[in-house]
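What follows is a short report on a single structure.
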Amino acid sequence: MFNSLSDRLSATFKNLRGKGRLSEADVDATVREIRRALLDADVAVPVVRDFAGRIRERALGEEVSGALNPSQQVVKIVNEELVGILGGETRRLRLAKNPPTVIMLAGLQGAGKTTLAGKLAKHLKGEGHSPILVAADLQRPNAVTQLQVVGQRAGVAVFAPHPGVQSELEAATGDPVAVAREGVEEARRKLHDIVIVDTAGRLGVDAEMMQQAADIRAAITPDEVLFVIDAMIGQDAVNTAKAFEEGVDFTGVVLSKLDGDARGGAALSVASVTGRPVMFASTGEGLDDFELFHPDRMASRILD
Ligand code: GDP
C-alpha cells in the first residue's frame, strides 16, 4: 500500500533539496509531480485537483517558517493536507449514553463487512465491552452462517433471523429490517452494550439494496453507520461512496483489504469526497487484522 506513491513523492521532494528559495516555476513543477503521483495511485481526479490546488496556493503563499528549508516546508504542507483529507484527528467510536450503542455496517457485497463485524466485535470485547452481532444480511447465500462462524471465532453472541436456520431460502425470505430491530431488542434484553448490525450489499450500487439499508437505518437509529469499502476498487470508490453517503448518510469509513497491493487512492478519495473520517482499517482475512485508523500516522507513512 502506498509504496509507489511514497517513493514518487520522496523523489519529488528530493528535487527541491538544496534550493534556497522556491520560484513559482519550482512550485509548479513540484505540484505537477505530486498530481501525477496521486493520479497514478488511483486517487480520484477531482480530489487530486483540489489537493494540488491547495498545495500550490500554500507553497506560494506561506512564509517559510524559520527552522525549515523550502523542501521541508513543502513536505510539511503536503503532510498537513493529507492528514486533513484523511479526516484530521483520529476519530473514535461514539458510544451511546444509554447503551446499547448501535453500529450499522453498510457497503457493497464483498467489501468485507461480515469479516469486519467479527474484527470489530473482537476488538470491542477486548476493550471490555459485551458486543452482539446481528445478521441482517439476508441477501447473500451463506451470509448468516458466515456471521455465525465469525461470531463464534470472536467469542461473541450472534443474533440471527431464526436461530439455527436450516435453509438459505428461509433466511432469504425473512425481513432484514425486522431482524435488525429485533437484534437491537435482543441486545437490550441480554444487556449487551454494543450491537453491530451486518447488512446486505450488492455487487454494484442498487436502488433496492440502498432502500433496504436506509430502512434499516431508520428502524434502528444507529449511533454509528460505518461504510466499509474495499481499498482495491480504485476510481470506483468515489461514486460508490457518494451513493452510500446519499443512501445511508454514513458517519465513518472503514477501509478494508489494505493489505492488498492496492495503490491506495481509494483511501484518500473516499474521505475527501464525503468529508467523513476513516475510522478503521482492515488488513487481512484474520480476526486480528484490524487497526484503528490514525490520519497522521497514515500521512507519515505516505511521506516516509
Ligand atoms: P461482505 O460481503 O461485505 O460481508 O464481505 P466479506 O466480509 O464476506 O469479505 C469478502 C471477502 O474478502 C472474503 O473472502 C474475506 O475473507 C475477504 N476479506 C475481507 N476483509 C479483508 C481484508 O482486510 N483483507 C483481505 N485480504 N481480505 C479480506
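The values are calculated or read from the model by the stated rules, or taken from the named source; none is laboratory data. Remember, predicted model here, so these are calculated numbers, not experimental data. A quick note on method: Cβ atoms are made from the backbone with ideal geometry, for glycine too, and the neighbour counts reach across all protein chains shown.
The residues of the range 209-228 that are in a helix (DSSP H, G or I) and touching a strand residue (DSSP E or B) at 6+ places or on another chain (Cβ under 7 Å), listed by number, are Ala213, Ile216, Arg217, Ile220.
Suppose the filter is part of a loop (DSSP other than H, G, I, E, B), touching a residue at least 60 places away in the same chain (Cβ under 8 Å) and either of a type in the set (Lys, Arg) or surrounded by 23 or more Cβ atoms within 10 Å (Cβ to Cβ) (or both); does Arg202 pass it? Against the criterion (part of a loop (DSSP other than H, G, I, E, B), touching a residue at least 60 places away in the same chain (Cβ under 8 Å) and either of a type in the set (Lys, Arg) or surrounded by 23 or more Cβ atoms within 10 Å (Cβ to Cβ) (or both)), Arg202 qualifies. Here Phe293 fits the description: under 21 Å from Glu89 (Cβ atoms) and touching a residue at least 60 places away in the same chain (Cβ under 8 Å). In the condition set (1) within 25 Å of Asn239 (Cα to Cα); (2) modelled with pLDDT under 95; (3) not small (Gly, Ala, Ser), Glu62 is compliant with all but (1).
Please pick out the residue among Val225, Val238 that is β-branched (Val, Ile, Thr), more than 14 Å from the ligand (Cβ to nearest atom) and either under 25 Å from Asp7 (Cβ atoms) or without any contact (Cβ under 8 Å) to a residue 60 or more places away in the chain (or both).
Val238
So, in the range 246-274, of the ones that are more than 15 Å from the ligand (Cβ to nearest atom) and within 28 Å of Phe13 (Cβ to Cβ), which residue ends up modelled with the lowest pLDDT? Checking each candidate, the answer is Arg263.
From Asp7, Asp28, Asp50, Asp42, grab the single residue that is on the phi > 0 side of the Ramachandran plot and of a type in the set (Asp, Glu).
Step by step, each of Asp7, Asp28, Asp50, Asp42 is checked, and only Asp42 is on the phi > 0 side of the Ramachandran plot and of a type in the set (Asp, Glu).
Regarding Val74, is this residue under 25 Å from Ala267 (Cα atoms) and crowded, with 17+ Cβ neighbours inside 10 Å? Yes; evaluated as a whole, the condition is true for this residue.
Residue count for the range 109-166 under the criterion of being farther than 12 Å from Asp198 by Cβ, at pLDDT 95 or above, touching a helix residue (DSSP H, G or I) at 6+ places or on another chain (Cβ under 9 Å) and hydrophobic (A, V, I, L, M, F, W, C): the result is 4. Looking across the range 70-113, the residues that are of a type in the set (S, T, N, Q) and either under 14 Å from the mean Cα position of the chain (by Cα) or more than 16 Å from the ligand (Cβ to nearest atom) (or both) come down to Ser71, Gln72, Gln73, Asn79, Thr90, Asn98, Thr101.
Identify all residues within the range 135-149 that are more than 8 Å from the ligand (Cβ to nearest atom) and either part of a helix (DSSP H, G or I) or polar (S, T, N, Q) (or both); write none if there are none. Those that are more than 8 Å from the ligand (Cβ to nearest atom) and either part of a helix (DSSP H, G or I) or polar (S, T, N, Q) (or both): Gln139, Asn142, Val144, Thr145, Leu147, Gln148, Val149.
Identify, please: which residue in the range 124-134 is closer than 13 Å to Ala187 by Cα and among the hydrophobic types (A, V, I, L, M, F, W, C) and is, among those, farthest from the ligand (Cβ to nearest atom)? Within the range 124-134, the match that is farthest from the ligand (Cβ to nearest atom) is Ile132. Which of the residues spanning the range 60-104 are touching a Leu at 6+ places or on another chain (Cβ under 7 Å) and among the small types (Gly, Ala, Ser)? Listed by number, the list holds a single entry, Ser71.
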